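The structure appears below as structure tokens.
The values are calculated or read from the model by the stated rules, or taken from the named source; none is laboratory data. The model shown is predicted, which means the values in this text are computed figures rather than measured ones. Positions of Cβ are generated from backbone atoms using ideal geometry, with glycine treated the same way; all protein chains shown enter the neighbour counts.
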Amino acid sequence: NEFLLEYEPWEQYSNPESIRTPIYGVLFGFNDPEFPTNAQRNYLNNFLANAEAAIASGNLNAVKEYYDLSSMVDFYIVNEFFKDVDFSTSSTRFYIKNGKIYGGPIWDMDLSSGNCASDYYEKYNNIGGSGDSTESIYCDKIWYGYLLQCDGFLDMVKARYKEILPDIINLSTDNELGKNKIDSLLIKYGKSFEDNYSVAGWSMTEKYSLYERIPFSTYEKNIHYLRQWLVKRNEWLLEEWNIK
């Protein structure tokens, strides 16, 4: 009884068959198996009912009988930090193995880190408020809205975030871990990136999707935007979660 499930906003959004959780009514499409047997459906209905009842109890010891909490914490942090637009829309997956629910795999991150149109994603971009997409909690959805109310789960999130903080900072900024990831990738692949625009003829200023933000006029300006977005997002989460 192993399953790969994908959140669906409505039935047959991207999977031919789906199942709705008994307590919270979360709709999941079947990635694997794509066409479950009746026995598998019966198992999953019972398993999900018990798993969600554990969340509803608010008791983290009960929750960890059904959820791999380390995985669920890591999955939440990645999606919340990068503020993935598609979280709880599509491409949000969980898998069940050995009687536990795991968060992931991470998927579909092109519309994240502030790369989304403000006229389409108003809530994401805090339109009518600060107008700053680096602010606000965004991924308290699906099971996480309830998990975050369980005593101890947010503490686990904060502790894990603090543990990996050097890695988060190193995405954009040099620190004790060495050269930051953005610059390291530019050093290694910069020539290939340039060829996309000079040789292959890609447009720097064209929007390739209605959903992405309007790009800046140069590659360097877009890199600067991403770097600053990551810095500000980290600063906002540190303050929001009171992490010293």
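Residues in segment 121-135 that are touching a residue at least 60 places away in the same chain (Cβ under 8 Å) and surrounded by 15 or more Cβ atoms within 10 Å (Cβ to Cβ) were compared, and the one that is farthest from Asn242 (Cα to Cα) is Tyr121.
Among the acidic types (Asp, Glu), under 30 Å from Ala56 (Cα atoms) and surrounded by fewer than 16 Cβ atoms within 10 Å (Cβ to Cβ), is that true of Glu163? Yes: the conditions hold for Glu163. Here Lys191 passes the criteria (1) in a helix (DSSP H, G or I); (2) surrounded by 15 or more Cβ atoms within 10 Å (Cβ to Cβ) except the one numbered (2). When residues in segment 216-239 are screened for being at pLDDT below 95 and either in the same structural domain as Gly114 (by TED's automatic domain parsing) or surrounded by 16 or more Cβ atoms within 10 Å (Cβ to Cβ) (or both), 1 of them pass.
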